[in-house]
1. Take segment 185-222 and flag every residue that is closer than 11 Å to I154 by Cβ and modelled with pLDDT of 80 or more.
2. Determine if segment 57-74 includes at least one residue that is modelled with pLDDT of 95 or more and assigned to a loop (DSSP other than H, G, I, E, B).
3. Looking only at segment 164-187, count how many residues are open to solvent by less than 60 Å² (accessible area, probe 1.4 Å) and either over 18 Å from E151 (Cβ atoms) or within 36 Å of the chain's Cα centre (by Cα) (or both).
4. Between Y146, Y125, which is open to solvent by 30 Å² or more (accessible area, probe 1.4 Å), in contact with an Asp or Glu (Cβ under 7 Å, 6 or more places away or on another chain) and at pLDDT below 75?
5. Those residues that are in a loop (DSSP other than H, G, I, E, B) and of a type in the set (F, W, Y), I need them from segment 75-102; list them, please.
6. Out of the residues in segment 146-156 meeting the condition of being farther than 12 Å from F205 by Cα and touching a residue at least 40 places away in the same chain (Cβ under 8 Å), tell me which one is nearest to the chain's Cα centre (by Cα).
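The values are calculated or read from the model by the stated rules, or taken from the named source; none is laboratory data. Everything numeric here is computed off the predicted structure, so don't read it as measured data. Cβ: placed from backbone, ideal geometry, glycine included. Neighbour counts: every protein chain shown. Quick note on the areas: whole protein, heavy atoms, side chains included, nothing else; ligands and nucleic acids left out. Shrake-Rupley method; radii C 1.70, N 1.55, O 1.52, S 1.80 Å.
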Amino acid sequence: MSDWLPRLPTEGPPLPKFLDIYWPWYTPPGAGFSVSNLVISPAEVNPGQTVTITCTVTNTGAEAGTYTVKMEGDFIAQQTVTLAPEESKTVSFEVTPTVAKTYNVSVDGLSGSFRVIAPPIDQFYLPPTFTKAKITEQWQMPPYYYVMQFECPITNKGGSTGTHTITVSNNHPGDLPPWTFQVTLAPGQTYLWTYSQFAIWPMTFYLAGDWVRDNHSEGAAT
């Protein structure tokens, strides 16, 4: 029945409220909205990873209402929320960038940015100056045989786990053909390759792979 009551003189002519007739100079109460607390997380990702952009929408008016939150900039999206008076709600957007660069976004006048960086790579290292495997032991078994023990550490000094194929060769390929093996190392992890060989003469073994040498040279030592 309140809709049949006359409107207040300060609001409009003395007519029933349901007619919604106001004085031209009077602004009726309604819903009002504010957007705050823009959060971008995480602030730094690799290509293909998800970034979440959130903000808080509040109805500061006296009546319920619907509001559309718009995100612009390098990504464009929008969401619609319905809020009661003084109600707040968190609105979230998720984006998945694919190119390494700095991205800028704005949500209803609030602006922020995040960085996309190239992922770390794995880098396998040999000790300085070593392209040959080190002979840790060598002795002769009379009358003809040599017994040799070889070792060579391989270290991943990169920022991610990697798998590399290592080729082992020697200075007598006709007697012992080259062979390969794979090594998977986490960042900072070291694998110690060891090998024993019986031969009728001293042998030298070489390890080759797509690694970076500590001294960036092709020097050799036994």
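1. Listed by number, the residues that qualify are L185, Q189, T190, Y191, L192, W193.
2. Within segment 57-74, one or more residues are modelled with pLDDT of 95 or more and assigned to a loop (DSSP other than H, G, I, E, B).
3. So the answer is 9.
4. Answer to the selection: Y125.
5. F75
6. I154
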